[in-house]
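The values are calculated or read from the model by the stated rules, or taken from the named source; none is laboratory data. Since we're looking at a predicted model, the values are computed, not measured. As a convention, Cβ positions derive from the backbone with ideal geometry for all residues, glycine included, and neighbour counts pool all protein chains shown. Surface areas here come from the heavy atoms of the whole protein model, side chains and all, with no ligands, DNA or RNA. Shrake-Rupley method; radii C 1.70, N 1.55, O 1.52, S 1.80 Å.
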Amino acid sequence: VFGDQTNWVSLVIVGNGNTRASGFTGKAIQNVTVSGVSELAKSAFENCKNLRTVDLADDGCLGNIGEWAFGSNTNLCSVIVPNTVTNIGNYAFYNCSSLKSVVFTSAEAPTVGGDAFRYLPSDAMFYICEGATGYDATTYPWNSFSVMTLMDDGSVGQSGAINESVTW
């Protein structure tokens, strides 16, 4: 689609609500904004070594983050998973070695494929909404990282302790 174009500072994808994003593997993109997209296809943004920020719109469209969608993006620091995402494919965030913050805004845990979050930093944090269900602390990936609860008042708690404040 974009021929030999490989270097972008920012990429904005605006779909019609039923759009599938793909074809950006290995591109030198620094920032991605996605809205109106129902699926991030297999390897959509894999190996985009310059990728630092991803804005996945909470517009009711995105349901699937495909296999390897963001795999090996070693500069990606944080991501907010919209509440409509029901599936995160195998290796979706594999080897995102700078990804320290993953926020899940859904009241119900998405299905997470094998090794979707493998090789994240040891101090990576997962944040879930207060009262959310399905985030079973005995199963992958929830048992592999620290899981904090985003309280309704905007604070973050773990086992009843308030540790910091977050806005999102």
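Going by the structure shown, is residue 108 out of contact with any strand residue (DSSP E or B) (no Cβ under 8 Å at 6 or more places or on another chain) and on the phi < 0 side of the Ramachandran plot? Talk me through it step by step, then tell me what you get.
Details: out of contact with any strand residue (DSSP E or B) (no Cβ under 8 Å at 6 or more places or on another chain): no; on the phi < 0 side of the Ramachandran plot: yes.
So residue 108 fails the test.
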Which numbered condition trips up residue 142, out of (1) buried (at least 18 other Cβ atoms within 10 Å of the Cβ); (2) at pLDDT 95 or above; (3) out of contact with any strand residue (DSSP E or B) (no Cβ under 6 Å at 6 or more places or on another chain); (4) aromatic (Phe, Trp, Tyr)?
(2)
If you go through the range 23-31 one residue at a time, do you hit one that is within 16 Å of the chain's Cα centre (by Cα), in a loop (DSSP other than H, G, I, E, B) and crowded, with 16+ Cβ neighbours inside 10 Å?
no
Being over 15 Å from residue 120 (Cβ atoms), free of Cβ contacts under 8 Å to residues at least 60 places away in the same chain and buried (at least 20 other Cβ atoms within 10 Å of the Cβ): is that true of residue 64 here?
yes
Within the range 87-115, the residues that are closer than 18 Å to residue 131 by Cβ and more than 12 Å from the chain's Cα centre (by Cα) are 106, 107, 108, 109
Hey, residue 122 open to solvent by 20 Å² or more (accessible area, probe 1.4 Å), free of Cβ contacts under 8 Å to residues at least 12 places away in the same chain and polar (S, T, N, Q) or not:
yes
Pull out all pairs, ordered by first then second residue, where Cβ-Cβ is under 9 Å, the residues are six or more apart or on different chains, the first lies in the range 48-59 and is within 15 Å of residue 78 (Cα to Cα) and open to solvent by 30 Å² or more (accessible area, probe 1.4 Å), and the second is in a loop (DSSP other than H, G, I, E, B) and small (Gly, Ala, Ser).
49/26; 49/72; 52/98
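Residues in the range 73-83: is at least one open to solvent by 10 Å² or more (accessible area, probe 1.4 Å), among the small types (Gly, Ala, Ser) and more than 11 Å from the chain's Cα centre (by Cα)? Can you show your working first?
The initial filter retains those residues of the range 73-83 that are open to solvent by 10 Å² or more (accessible area, probe 1.4 Å), namely 74-75, 77-78, 80, 83.
Next cut, among the small types (Gly, Ala, Ser) only: 78.
Imposing the further condition that a residue be more than 11 Å from the chain's Cα centre (by Cα) reduces the set to none.
So far as the range 73-83 goes, no, none of its residues is open to solvent by 10 Å² or more (accessible area, probe 1.4 Å), among the small types (Gly, Ala, Ser) and more than 11 Å from the chain's Cα centre (by Cα).
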So residue 42 passes all but one of these: (1) open to solvent by 70 Å² or more (accessible area, probe 1.4 Å); (2) part of a strand (DSSP E or B); (3) not polar (S, T, N, Q). Which condition number does it fail?
(2)
Of all the strands (runs of 3 or more DSSP E) wholly in the range 55-168, which have at least 3 residues that are more than 27 Å from residue 27 (Cβ to Cβ)?
125-129, 146-150, 155-158, 161-165
